[in-house]
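Here the structure is laid out as structure tokens; the discussion comes afterwards.
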Amino acid sequence: KIWDAVNRTKGEVLVCRQDNGTEDIFPTYYSSMCGGHTEGSLYVFGDSFQPLAGVTCPYCKSITKTDFFFWPPAQFDKKKVASSLVRKYPSLEQLGEIKNIEASRQSTYGEFARCTQIRLVGSTGKSDFLKAEDLRLTIDPSGRIIRSTICQIVDMVDRWAFISGRGYGHGVGLCQYGAQAMAKLGGGEDWILSY
């Protein structure tokens, strides 16, 4: 089945119309499970393509086990978080001790929101910003504990807690679990990819 699909679609690419009227190939990002709404690529990768603006995805939840769709709370030692952040982003050393991590920009989708930008506040009174996805993967490079940026960040005295999590991955482009559910409904690649 896989080779049939590969051979049947050989040479096909996804394109979108640019503002100047030309068609251009765009990045075909995908993540494991969007958590109910795909995210616009602008807020995660900094590029902006109309087909990657984000759409509601009721499909991934319909096919995923509840304890996978919603991920368990995760806690990380504040000192380890700070050292990881400063090691990857040396300019953050100017903050001193990180006193607060808060969502400064979110994409709100009804019952949940995806953090897209984080504000870090330091003991020096200075603050700085990171993309939420960069924070997530700096604290948890595996991406298996903090599975997405659909979560709330809570100060737990000596730890940062990431709670109310859902989804798995950055959420941009194709939701793989959603695509699987659409295929099980009889959808072909044209419907799935255009959606």
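The values are calculated or read from the model by the stated rules, or taken from the named source; none is laboratory data. The shown structure was predicted, so the numbers you read here are calculated from the model rather than taken from an experiment. Using ideal geometry, Cβ is built from the backbone for each residue, glycine included, and neighbour counts are taken over all protein chains shown. SASA here: full protein model, heavy atoms, side chains in, ligands and nucleic acids out. Shrake-Rupley method; radii C 1.70, N 1.55, O 1.52, S 1.80 Å.
For segment 148-169, which positions are in contact with a strand residue (DSSP E or B) (Cβ under 9 Å, 6 or more places away or on another chain), assigned to a loop (DSSP other than H, G, I, E, B) and surrounded by fewer than 17 Cβ atoms within 10 Å (Cβ to Cβ)? Passing the criteria: Met156, Asp158, Ser164. In segment 170-195, the residues that are closer than 13 Å to Tyr30 by Cβ and in a loop (DSSP other than H, G, I, E, B) form Cβ pairs under 7 Å with partners that are at pLDDT 95 or above and basic (Lys, Arg), at six or more places apart or across chains, as follows: Gly171/Arg114. Here Trp3 passes the criteria (1) free of Cβ contacts under 8 Å to residues at least 40 places away in the same chain; (2) touching a strand residue (DSSP E or B) at 6+ places or on another chain (Cβ under 7 Å); (3) among the aromatic types (Phe, Trp, Tyr) except the one numbered (2). Filtering segment 33-72 to residues that are in contact with a Leu (Cβ under 6 Å, 6 or more places away or on another chain) and either more than 20 Å from Cys115 (Cα to Cα) or open to solvent by 20 Å² or more (accessible area, probe 1.4 Å) (or both) leaves only Ser48. Candidates in segment 6-32 are the residues that are of a type in the set (Val, Ile, Thr) and in contact (Cβ under 8 Å) with a residue 12 or more places away in the chain; of these, the one that is least open to solvent (accessible area, probe 1.4 Å) is Thr9.
Just one of Ser104, Ser91 is in a helix (DSSP H, G or I) and either of a type in the set (S, T, N, Q) or within 30 Å of Tyr177 (Cβ to Cβ) (or both); which is it? Sole residue among the options that is in a helix (DSSP H, G or I) and either of a type in the set (S, T, N, Q) or within 30 Å of Tyr177 (Cβ to Cβ) (or both): Ser91.
Would you confirm, using the coordinates I've provided, whether Cys115 is touching a strand residue (DSSP E or B) at 6+ places or on another chain (Cβ under 8 Å), farther than 19 Å from Tyr59 by Cα and buried (at least 19 other Cβ atoms within 10 Å of the Cβ)? Yes, satisfied.
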